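A.B. asks: Handing you a structure now.
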Amino acid sequence: MNLHVLESQIRGLRRTADDLFTEFDRSIQPDARPATPDEKDRFEASILVMPILRALAAELSLKAISFKRSGAFEWTHDLRALYDALDDDIRNRIERKAAAKWMDSIQSTLTKHKDDFVGWRYAWEDRPLNTNPNDLDEAVEILMALYEEVEPRAEVTGPDQ
């Protein structure tokens, strides 16, 4: 596994989600001009795609931590299951980082968003969906900060993997 590529994917997903959120935010401003068909498409895309990207970034962050730490990860999209598969030391370090930033528990955030990747991909099925994925992005920020601190297994040496 090439952890350097995985890190780049996570950062790219976050940047793209941020761009989509900016598009959404711009389109709902009181002084926004009437929407063209293209602007309407971009607005809808920002609402429907941004949560998928945030959830995937969270999933990959958890998998990256697990792989860097132990050389394996759970094959699931369930964010809470991925979190629970981390060892106690890592989970405690994650929660301490969140508390230091006055954030909600990462465990509770991941529980709330545990099925977002699947749910938002199938939004047309009228499933109940979380409508504020921004707290998930804050969780990814914490997860990636911890990822940087995790000591890799001996075989995981860096981008040349």
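A.B. asks: Nearest 500 deg cm²/dmol is fine: what mean residue ellipticity at 222 nm does the chain get from its DSSP H runs of n ≥ 4 alone, each adding -39,500 (n - 2.57), divided by its residue count? Please list the in-between numbers first.
C.D. replies: Working: 7 runs with 107 residues, N = 161.
Result for the chain, helices only: -22000 deg cm²/dmol.
A.B. asks: Taking springs between alpha-carbon atoms closer than 10 angstrom, which of Met103, Met144, Met50 fluctuates most in the Gaussian network model of the chain?
C.D. replies: Of Met103, Met144, Met50, the most mobile in the Gaussian network model is Met103.
A.B. asks: Could I ask something else about it? Any idea how far the Cα center of region 91-131 sits from the one of region 47-90, in Å?
C.D. replies: Spelled out, the Cα-based centre of one part sits 11 Å from the other.
A.B. asks: Also, quick follow-up: For P(r) over Cα pairs in 5 Å bins from 0, in percent, which listed value, (1) 2, 10, 20, 23, 23, 14, 6, 2, 0, 0; (2) 1, 9, 17, 19, 18, 14, 9, 6, 3, 2, 0, 0; (3) 2, 8, 15, 15, 12, 10, 8, 7, 6, 5, 5, 4, 2, 1, 0, 0, comes from the coordinates shown?
C.D. replies: (2)
A.B. asks: So which trypsin sites (Lys or Arg not before Pro) in region 59-148 end up in coil per DSSP with only 15 or fewer other C-beta atoms within 10 Å? Write out the running numbers ahead of the final one.
C.D. replies: On the way: sites: Lys63, Lys68, Arg69, Arg80, Arg91, Arg93, Arg96, Lys97, Lys101, Lys112, Lys114, Arg121; in loops: Lys101, Lys114.
Here the trypsin sites (Lys or Arg not before Pro) that fit, given the DSSP loop and packing criteria, are Lys101.
A.B. asks: Another question, if that's okay. So, R0 is 25 Å and r is the distance between the beta-carbons of Asp19 and Glu95; what FRET efficiency does that work out to, to 0.05? Walk me through the intermediate numbers first.
C.D. replies: Details: r = 30 Å, r/R0 = 1.19.
Plugging the Cβ-Cβ distance into 1/(1 + (r/R0)^6) gives 0.25.
A.B. asks: Oh, and also: Assuming R0 = 35 Å, can you tell me the calculated FRET efficiency for the pair Arg153 and Leu129, based on Cβ-Cβ distance, to the nearest 0.05?
C.D. replies: On the way: r = 37 Å, r/R0 = 1.05.
According to the calculation, E is roughly 0.45.
A.B. asks: What distance in nm lies between label points placed 7 Å from Cα along the C-beta direction at Ser8 and Ala45?
C.D. replies: Once both label points are built, they end up 2.3 nm from each other.
Any read-out appearing in this document is the output of simple, stated calculations on the displayed coordinates, not a laboratory observation. This structure is a prediction, so every number in the text was calculated from the model and none was measured. For neighbour counting, all protein chains shown are included, and Cβ atoms are generated from backbone atoms with ideal geometry for every residue, glycine included.
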